[in-house]
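One structure is given here, and the rest of the page talks about it.
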Amino acid sequence: MFKQPVTKLLLCILIVLLGALVALQKSFPTFPGDYPRTAPPIEYNCAYFDERVEIRLAKGSKLGRLIVFAYDGNNKFIGLLKPVENGAVVVRRGDYADFTACVEGSEIRDVIFLKKMDRYDKKIDMFDALTGARNNNLRYGVQRCLYPICTRCVEACKSVISNSDIPIVMTVKPEGEVLPVFSKGKCPRCGKCFTFCPTGSIVNSSETQHTEGQ
Ligand code: SF4
Ligand code: SF4
């Protein structure tokens, strides 16, 4: 007499749970692909001259452009997009930064783009920023990822994950460069981020050999 309502109740709970599971699967599709991972950092050497800094990439690099960055004394991240020519990037006095951002720990925020179509809102000489960082033992270098000028991976991911809690977080590494970091538990392995990335900063986790983008 007592058992029958309990059984009915348990059956109802089971049906509700199954329904919720099906709904959850529909809202969080999974794909048969691989997880994304970030490519290893660029190997390079810097040579300082009176009016320029030459950043020579390791032999065999196929990168076509990259971001040169330097930090100031207030932990401000200053960056410039530069083409790679003959295996090197040259920053000359009078090359002005494209953007600045605030960095707190591994978080990057408050990005300000300095360059408009035909003018700069504010001119920050990248040569001075690099030499200032070197002279004051602050972080400087180059990064393969073109963030914040490029945000393709984040936008691609947002087209798959409907809420704002996407598995990609742009993160500042201890050496100062910005790279995407992935949360595997939230990633349904759609593969869009590494398909859209123009620089090879994100690769398929099953790739053993890294291929650099242009
Ligand atoms: S785009 Fe987002 S969901 Fe798709 S593989 Fe990359 S991190 Fe995962
Ligand atoms: S798509 Fe590639 S280059 Fe662009 S922000 Fe993402 S990792 Fe960086």
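The values are calculated or read from the model by the stated rules, or taken from the named source; none is laboratory data. Just so it is clear, the structure is predicted and the values come from calculations on it, not from any experiment. Don't worry about glycine lacking a Cβ; one is built from the backbone with ideal geometry, like all the others, and counts go over all protein chains shown. Protein only, heavy atoms only, side chains kept; ligands, DNA and RNA dropped before computing areas. Shrake-Rupley method; radii C 1.70, N 1.55, O 1.52, S 1.80 Å.
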* Asked: Can you find a residue in segment 85-93 that is modelled with pLDDT under 95 and touching a Pro at 6+ places or on another chain (Cβ under 9 Å)?
  -> no
* Asked: Which of the residues belonging to segment 145-164 are without any contact (Cβ under 8 Å) to a residue 60 or more places away in the chain and away from ligand 2 (no atom under 16 Å from the Cβ)?
  -> 163, 164
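Tell me which strands (runs of 3 or more DSSP E) are completely within segment 38-78 and hold 2 or more residues being open to solvent by 30 Å² or more (accessible area, probe 1.4 Å) and of a type outside the set (A, V, I, L, M, F, W, C), or say none if there are none.
Fully inside segment 38-78 and qualifying: 44-48, 52-57.
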* Would you check which residues across segment 184-198 are buried (at least 21 other Cβ atoms within 10 Å of the Cβ) and within 7 Å of ligand 2 (Cβ to nearest atom) and list them? => 193, 197
* **Candidate set: segment 176-206, residues that are of a type in the set (D, E, K, R) and in contact (Cβ under 8 Å) with a residue 60 or more places away in the chain; chosen: the one nearest to ligand 1 (Cβ to nearest atom)** => 189
* To do: Give the residues of segment 135-144 that are more than 16 Å from ligand 2 (Cβ to nearest atom), in a loop (DSSP other than H, G, I, E, B) and in contact (Cβ under 8 Å) with a residue 24 or more places away in the chain, sorted by residue number.
  => 136, 138, 139
* Asked: Among the residues of segment 109-119, is there at least one that is in the same structural domain as residue 77 (by TED's automatic domain parsing), β-branched (Val, Ile, Thr), touching a residue at least 12 places away in the same chain (Cβ under 8 Å) and part of a strand (DSSP E or B)?
  -> yes
* To do: Give the residue that is most open to solvent (accessible area, probe 1.4 Å), with candidates limited to residues of segment 145-161 that are within 11 Å of ligand 1 (Cβ to nearest atom) and assigned to a loop (DSSP other than H, G, I, E, B).
  => 159
